[in-house]
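These notes are about the structure you will find just below.
The values are calculated or read from the model by the stated rules, or taken from the named source; none is laboratory data. Fair warning: this is a prediction, and the values are worked out from it, not measured in the lab. Cβ sites come from the backbone with ideal geometry, for glycine too, and all protein chains shown count toward neighbours. What goes into the accessible areas is simple: the full protein's heavy atoms, side chains included, and nothing from ligands, DNA or RNA. Shrake-Rupley method; radii C 1.70, N 1.55, O 1.52, S 1.80 Å.
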Amino acid sequence: MPRDYNLETTPPNVIRRKEHSRDDEWIQNFLASAQVGHIATRWGDQPFVTPTSFWYDPGQHSLYFHSNRTGRLRANIERYPQACFEASRAGRLLPSNLALEFSIQYASVVAFGTVRLVEDAEQQRRALYGLIAKYFPGMQPGREFRPITDQELARTAVYEFDIESWSGKENWPAQADQGEDWPALGAGWLEPK
């Protein structure tokens with residue numbers, strides 16, 4: 001019998017194939033190294049996906065990102081603060097001798113929650129410095145770069161994504177499933193000749 005995907009029955013972070021599910025520690029480590037995330041917002045019935053750099057703060061259990069002071073992302077969030085976040089990493093392409101078994105190695109995190117505009121200047125600075133520290137570890141304001149100014153904050157919208165639920169998923173097999181009635185294809189098939 002098919003699963004009931006009604007959100008009242010099955011929460012949005014439930015993974016269908018439990019063997020690929022990852023725990024909270026794995027999710028936090030993944031978010032610390034993932035470079036690009038995608039924020040899904042909406043305007044009425046129209047969904048939007050916005051790629052962004054981001055920082056996960058384990059102390060707050062929140063994601064932080066920024067954008068221009070005005071634009072589609074901010075307009076959507078102000079109207080509908082519920083959002084979804086995704087970050088993923090792909091590995092090797094996995095050929096198969098069965099058309100429906102061609103695959104790819106992947107790892108991903110999906111989070112559900114609400115987004116708010118950060119208004120406090122010190123919280124904005126903390127979030128922006130957290131972003132910089134994630135992507136440029138070891139660089140310090142006032143040492144390698146000028147500290148963030150009030151004028152720069154006035155031109156930037158900083159957001160906090162309050163995580164209500166999340167899931168981590170990883171499927172990283174050495175090769176795709178193969179059928180027994182046809183010659184098997186290994187990962188070496190994709191290597192340059």
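For the stretch 104-114, the criterion of being closer than 28 Å to Ala154 by Cα and β-branched (Val, Ile, Thr) is met by at least one residue. Taken together, the residues in the stretch 59-69 that are in contact (Cβ under 8 Å) with a residue 24 or more places away in the chain and surrounded by fewer than 17 Cβ atoms within 10 Å (Cβ to Cβ) amount to 4. The number of residues in the stretch 84-114 that are open to solvent by 10 Å² or more (accessible area, probe 1.4 Å), in a strand (DSSP E or B) and either within 18 Å of Phe48 (Cα to Cα) or free of Cβ contacts under 8 Å to residues at least 60 places away in the same chain (or both) comes to 9. Within the stretch 72-83, the residues that satisfy the criterion of being without any contact (Cβ under 8 Å) to a residue 60 or more places away in the chain and more than 18 Å from the chain's Cα centre (by Cα) are Arg72, Ala75, Asn76, Glu78, Arg79, Tyr80.
What number goes with the only condition from (1) closer than 14 Å to Gly168 by Cβ; (2) in contact (Cβ under 8 Å) with a residue 40 or more places away in the chain; (3) out of contact with any Asp or Glu (no Cβ under 8 Å at 6 or more places or on another chain); (4) not aliphatic (A, V, I, L, M) that Gly37 does not pass? For Gly37, the failing item is (3).
Restricting the search to the stretch 115-134, which residues are of a type in the set (Gly, Ala, Ser) and either open to solvent by 30 Å² or more (accessible area, probe 1.4 Å) or closer than 23 Å to Asn76 by Cα (or both)?
Initial filter on the stretch 115-134 (of a type in the set (Gly, Ala, Ser)): 121, 127, 130, 133.
Matches in the stretch 115-134: Ala121, Ala127, Ala133.
What is the residue count in the stretch 126-170 for residues that are more than 22 Å from the chain's Cα centre (by Cα) and either touching a residue at least 60 places away in the same chain (Cβ under 8 Å) or assigned to a helix (DSSP H, G or I) (or both)? Summing the residues that are more than 22 Å from the chain's Cα centre (by Cα) and either touching a residue at least 60 places away in the same chain (Cβ under 8 Å) or assigned to a helix (DSSP H, G or I) (or both) in the stretch 126-170 gives 6.
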